[in-house]
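Just below is one structure, and these are the notes that go with it.
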């Protein structure tokens, strides 16, 4: 609507000016130029906003996993719009992005950049983009530490669900791995994310683990991208939820 209105107004103004005696009046032309510049800025803002909204999938996983049986849910700081991140270049393995999330890889010669996404809008200010160019390693991952409250009451009777909203500019093998430390042992479950862009959801059934529930002391989630050279990964949203398994 703004674009159509501005286009109509600009066309009418230029037509009137071209037909009027003031067509060659430098003062009138200067006023018209100022108005045209103002409209141009507004149009550019409208176009950027429209492009960013169209590039983001419509469904947000944070709004789709609200099962009544959920007894814990959490969004990491990397998806928190109130915790900004600055641009990072030539990112070494182990770099902390936020207090709970770090970036890891196995590449010594790399071109890895992390920055707030150009697709971010006031409604989606948390989006982060990882750009990978030259990369001689085999994987890149985001490792997110789960808060201590995630371990309270956690047991083999639970299913932990992961919802991710992200865009990839090319197909990448992507895996999610949940890691649980109990006593001196660390057990994990790995699952491949659906081969698609946008909203994805996977579940980890803890029944398959030999878990000592009384000695749980740490947990983290790995989001792993295989052979990510020459790719762009934009993470819009990520959320974890847990629920007790339904009794048969």
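The values are calculated or read from the model by the stated rules, or taken from the named source; none is laboratory data. Everything numeric in this text was worked out from a predicted model, so none of it was measured. Cβ coordinates were reconstructed from backbone atoms using ideal geometry, including for glycine residues, and neighbour counts include every protein chain displayed.
When you check residue 132 against the structure, is it under 21 Å from residue 73 (Cα atoms) and touching a strand residue (DSSP E or B) at 6+ places or on another chain (Cβ under 9 Å), yes or no? No. For region 100-115, the set of residues classified as surrounded by fewer than 18 Cβ atoms within 10 Å (Cβ to Cβ) and modelled with pLDDT of 90 or more consists of 104, 106, listed by residue number.
Tell me, yes or no, whether region 82-94 has at least one residue that is outside any strand (DSSP E or B), modelled with pLDDT under 80 and over 24 Å from residue 239 (Cα atoms). Checked region 82-94: no residue is outside any strand (DSSP E or B), modelled with pLDDT under 80 and over 24 Å from residue 239 (Cα atoms).
Looking at 228, 194 in this structure, which one is touching a strand residue (DSSP E or B) at 6+ places or on another chain (Cβ under 9 Å), surrounded by fewer than 20 Cβ atoms within 10 Å (Cβ to Cβ) and assigned by TED's automatic domain parsing to the domain that holds residue 93? Let's see the steps before the verdict.
On the way: 228 fails: surrounded by fewer than 20 Cβ atoms within 10 Å (Cβ to Cβ).
Being touching a strand residue (DSSP E or B) at 6+ places or on another chain (Cβ under 9 Å), surrounded by fewer than 20 Cβ atoms within 10 Å (Cβ to Cβ) and assigned by TED's automatic domain parsing to the domain that holds residue 93 holds for just one of 228, 194, which is 194.
Just checking, which of 235, 240, 180 is surrounded by 13 or more Cβ atoms within 10 Å (Cβ to Cβ) and either without any contact (Cβ under 8 Å) to a residue 60 or more places away in the chain or touching a helix residue (DSSP H, G or I) at 6+ places or on another chain (Cβ under 6 Å) (or both)? Among 235, 240, 180, only 180 is surrounded by 13 or more Cβ atoms within 10 Å (Cβ to Cβ) and either without any contact (Cβ under 8 Å) to a residue 60 or more places away in the chain or touching a helix residue (DSSP H, G or I) at 6+ places or on another chain (Cβ under 6 Å) (or both).
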